[in-house]
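Report on the structure given below.
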Amino acid sequence: MRPLILLSIVFCFRSLAAADFEAGKRAYEAHDYATAFHEFQTLSESGDAQSQYYLGQLYRLGQFVAKDITQAARWYRESAAHGYADAQNAMGNLYSAGLGVPVDYAEALRWYRLAVAQNLSKAKANLGRLYENGLGVKRNYEEAVKWYRLAADSGDPNGQSKLGGAYDRGHGVPRDRTEAVKWFRLAAEQGYAEAQYNLGNMYETGQGVERDYQQALKWYRAAAEQDYAFAECNLGCLYAKGLGVPRDTSEAANWYRRAAGHGDDMAKRNLEVIERGLPSAQSQPGILEQLANTLQRH
């Protein structure tokens, strides 16, 4: 009888923990980070792997609590040690970027492989990135494409974007700009900023698709609104040159300023060109066009 009572207690505890986790997750998805934090913190201290991962997310993103990458790494590691695939992938990301831990591509590779073994699509895309760039492993474009495709076929936007990039550059597959556009579009329509920027670039340059500056503007703007610096810079160029939109040097400067604030050196140089030339624009009507011809895009 006693083992049956103990089993009932364990089952009851797990049911309550699951209910608390679901309450925390609902709060998290509703952006009620205070409630989510309190739910996840209690469960994390009790060893719940899912809650530990989400607590790590709150610390990494600074949601309700101050951003603390060291605390994020602590909770990701706890969760990953319990075998939670998303946390294993997160540990790979930390080691790959050197966030809260020293850069260690071999360690990143190890964590990504553990997550891939659980069929986590985003980990497959990240593993492909290591192979494409020769980080922690010998560079192998074909192996990178293999992992990108597995992720992309599962609907992962990072995998789709990276596969599009492989077709665009001809890395591991024959160069095929039309196929690149196809994969960029699939990821862009999921709101993935990198793919939105790349799709905008294809429309602006007319590669793999008919040139269309208004479509370029649309996709650059979508990525720029997510603070993607390259898109902000290229959006500034469209405004400066009047491509797909009436020429607006002030708006171009705004986007260059924003991109420069996100660390883009090309945008910073473009902004300097515009700011030097604007005082002369009043007396020299053609100066804006001359300025536009000197601006650089990504």
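The values are calculated or read from the model by the stated rules, or taken from the named source; none is laboratory data. Since the structure is predicted, the reported quantities are computational estimates derived from the model, not experimental observations. As a convention, Cβ positions derive from the backbone with ideal geometry for all residues, glycine included, and neighbour counts pool all protein chains shown.
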Test of understanding: among TRP183, TRP147, which residue is part of a helix (DSSP H, G or I), over 14 Å from the mean Cα position of the chain (by Cα) and over 21 Å from TYR105 (Cβ atoms)? TRP183
So in segment 186-211, with the set limited to residues that are small (Gly, Ala, Ser) and crowded, with 17+ Cβ neighbours inside 10 Å, which one is nearest to the chain's Cα centre (by Cα)? ALA193
Give me a count of the residues in segment 263-286 that are surrounded by 15 or more Cβ atoms within 10 Å (Cβ to Cβ) and at pLDDT 70 or above. 10
The one condition TYR112 fails out of (1) part of a helix (DSSP H, G or I); (2) farther than 30 Å from GLY134 by Cβ is (2)
Among the residues of segment 38-53, which ones are in contact with an Asp or Glu (Cβ under 9 Å, 6 or more places away or on another chain) and part of a helix (DSSP H, G or I)? GLU39, PHE40, THR42, LEU43, SER44, ALA49, GLN50, SER51, GLN52, TYR53
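Can you find, within segment 126-170, the residue that is farthest from GLU194 (Cα to Cα) among those that are aliphatic (A, V, I, L, M) and either surrounded by fewer than 22 Cβ atoms within 10 Å (Cβ to Cβ) or not assigned by TED's automatic domain parsing to the domain that holds GLY208 (or both)?
So, considering only residues that are aliphatic (A, V, I, L, M) and either surrounded by fewer than 22 Cβ atoms within 10 Å (Cβ to Cβ) or not assigned by TED's automatic domain parsing to the domain that holds GLY208 (or both), the one farthest from GLU194 (Cα to Cα) is VAL137.
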Can you run down the residue pairs with Cβ atoms below 8 Å, 6 or more apart or on separate chains, where the first is in segment 85-114 and in the same structural domain as ALA151 (by TED's automatic domain parsing) and without any contact (Cβ under 8 Å) to a residue 60 or more places away in the chain and the partner is of a type in the set (Val, Ile, Thr) and in a helix (DSSP H, G or I)? none
Exclusive hit being aliphatic (A, V, I, L, M) and assigned by TED's automatic domain parsing to the domain that holds GLY263, set LEU238, LEU199, LEU186: LEU238
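Okay, residues lined up against (1) touching an Asp or Glu at 6+ places or on another chain (Cβ under 8 Å); (2) part of a loop (DSSP other than H, G, I, E, B):
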{"residue": "GLU204", "(1), (2)": "no, no"}
{"residue": "VAL209", "(1), (2)": "no, yes"}
{"residue": "LYS218", "(1), (2)": "no, no"}
{"residue": "ALA222", "(1), (2)": "no, no"}
{"residue": "LEU238", "(1), (2)": "yes, no"}
{"residue": "ALA253", "(1), (2)": "yes, no"}
{"residue": "TYR256", "(1), (2)": "yes, no"}
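Determine whether LYS25 is assigned to a helix (DSSP H, G or I) and of a type in the set (Lys, Arg).
Spelling it out, LYS25 is indeed assigned to a helix (DSSP H, G or I) and of a type in the set (Lys, Arg).
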Identify, please: which residue in segment 55-104 is crowded, with 17+ Cβ neighbours inside 10 Å and hydroxyl-bearing (Ser, Thr, Tyr) and is, among those, farthest from ASP20 (Cα to Cα)? SER96
